[in-house]
Amino acid sequence: MRLVLAILTAFLFYNTTTQAQAGSGIDNLWTLQHCVQYAIEHNISIKQDSLTARLARNTLLQSRLSQLPVLSANGSYGKSFGRSVNPTTNQFVDISYDFVSVSGNGSLLLFGWNQVHNTIARNRYALEANLADLDQLKDDISVNVANGFLTSLLAKEQINVSTNQVNLTKAQLTQTRAFAEAGRLPELNVAQLESQLATDSANLINSIANYNSAILDLKTTLNLDFETPFNIQVPEVEPADQLLVTIMQPEEIYKKARTHFGSIKGSQFRVNAAEKGLAAAKGNLLPQFALNYQVGTNWANNYYNYISSPDGYKEVGITDSISGKVYPVYAPVYKTVSSTMPFNSQLSNNFRQLVSLGVNIPIFNAWQSQYSVRQAKINLAQQQLTEYNAELTLKQNVYKAHNNAINSIQKYNAARRAYDASARALDFARKRYDLGLTSTVDLLVTQNQEFVAASNFISAKYDLIFKLKVIDYYLGKELKL
């Protein structure tokens, strides 16, 4: 009774899920291409690497903009107390006054031994490396999705195999019961088939559980909500249609993979970036020439404008003449009126400019520049080793994938022959059982052998398809079924 309830529960869950998925629209039928595209658009790791690439792009833009002149403006307003130098007259004064100072500075690097250009090149290669890493991650995610998709297909096919096995055993049990009631077969045969039905039902429950688990794993890879209706579309695919890729030699596959593989391109770009970084670090040891420009003006409220005008004459002395007469001496008298120099006039009168050609010669900075050069050399050596290791790893993986594909073909062919032979043996055994020429035990043994052979054949089929998809992955082909 418990077994029957377990079977009913598993079937109810499986059928309810698939019916809900199929009934909610054809859009819920997911092909491999659909799964790959969705994973690329929603995978968290891909989104993180996309942000990293955006940061690298911003760094490159900033280094390019560093070629523009550096401009700055300064302004201040304050009040001076005590003895100080008036900024408008450059004279010492002992009174308090308000002042305004405005200035601007500009600098343009004329020659820095290509330090800026090497920095730009380094950041450009760094961006290319990040984009190559992003492409590699997308390809890796595609392979993971293909693996999960084929695993789900295999689990779904196993359900069909287990269901057929249960239906076959049920039909055989019904026939055996009729023979037992007619006295043609003993009750032992009925008990043996009931035991076999229980075993087949347990296999079916296990197949359904494996399918549900595979679907959950695939949804996790896609970053798809677990409550979203999801049903994979079973494609019409045969491994024999894709065996041509195995004719290629692994060295040929490796050479093609090397031209487009993101890990290889990324490591090459990082070597180039390290070379430019070393050149930029060496540029810091040499003089730099720059064109400098300064402009400024100021205002103070104690800067006065004095205006003098004639205001008559006054006697300042006398003079004698030869005749003895006295004549007075007069001098003009001026009236002076003072006023604070207007704000705009002071800014205009005090306007000043300065243009200079400067040179910066590094003499000693606590060995920081030399240390940067040493670090850049070490970084270049590390990136060269990383590039070599990436090429070596790719070559090893390609040869391994090619060998796995060849072995998988042999396993597939062997499993297909075993399945065909077991199917024929089961057909003969059923006919002999119906005629009473073989025992129930022999029939069940043959039937179980056919079930195992069918399961192995399906497993070998999808294993081969995945191995061939891995070859397509190294060849840069689109992963589709």
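None of the figures in this text is laboratory data; all of them are computed from the coordinates on show. Owing to the predicted nature of the structure, the values given are computational and were not obtained by experimental measurement. Ideal geometry is used to build each Cβ from the backbone, glycine not excepted, and the neighbour counts take in all protein chains shown.
Take each of the peptides 439-445, 422-428, 224-230, average the number of other beta-carbon atoms within 10 Å over its residues, and list them starting from the highest.
439-445, 422-428, 224-230
Along the positive direction of the dipole of the chain (beta-carbon charges: Lys, Arg +1; Asp, Glu -1; about the Cα centre), which of Phe466, Gln62, Tyr254 reaches farthest?
Gln62
Can you tell me the dipole magnitude for segment 321-437 around its Cα centre, using point charges on the Cβ only (Lys, Arg +1; Asp, Glu -1), in Debye to the nearest 20?
Using Cβ point charges on Lys, Arg, Asp and Glu, segment 321-437 gives about 280 debye.
List the pair-distance distribution P(r) of the chain, using every Cα-Cα distance, as the percent of pairs falling in each 20 Å bin from 0 up to the bin containing the longest distance, rounded to whole percents.
15, 27, 20, 15, 11, 6, 3, 1, 1, 0
Label 7 Å along Cα→Cβ of Ser356; segment 276-306 residues with amide nitrogen under 20 Å?
Those under the cut-off are 287-298.
Could you grab the relative contact order for the chain? Cα pairs under 8 Å, six or more apart, rounded to a whole percent.
Over the chain, the number comes to 22 percent.
Round to the nearest 0.05 the FRET efficiency obtained for Ser45 and Lys255 when R0 = 35 Å and r is the Cβ-Cβ distance.
Here the calculated transfer efficiency is 0.75.
Given Ser439, Asn456, Leu394, which one lies farthest toward the positive end of the charge dipole of segment 323-481, if we put +1 on the Cβ of every Lys and Arg and -1 on the Cβ of every Asp and Glu?
With unit charges placed on the Cβ atoms, the residue in question is Leu394.
Take the Cβ-Cβ distance between Leu435 and Glu227 as r, set R0 to 45 Å, and report the resulting FRET efficiency rounded to the nearest 0.05.
The value I calculate is 0.25.
Relative to the Cα centre, what is the charge dipole magnitude of segment 86-190, using +1 at the beta carbon of each Lys and Arg, -1 at the beta carbon of each Asp and Glu, and rounding to the nearest 20 debye? Intermediate results must be reported in sequence, preceding the final value.
On the way: 7 positive and 10 negative charges, 148 e Å.
Result for segment 86-190 is approximately 720 debye, rounded to the nearest 20.
Report the calculated FRET efficiency for Val85 and Ala381 (r = Cβ-Cβ distance, R0 = 56 Å), to the nearest 0.05. Walk me through the numbers on the way to the answer.
Numbers: r = 58 Å, r/R0 = 1.04.
About 0.45, to the nearest 0.05.
Suppose every K and R has +1 on its Cβ and every D and E has -1 on its Cβ; what is the size of the dipole of the chain about the Cα centre, in Debye to the nearest 20?
On the way: 42 positive and 37 negative charges, 250 e Å.
Dipole of the chain, to the nearest 20 debye: 1200 debye.
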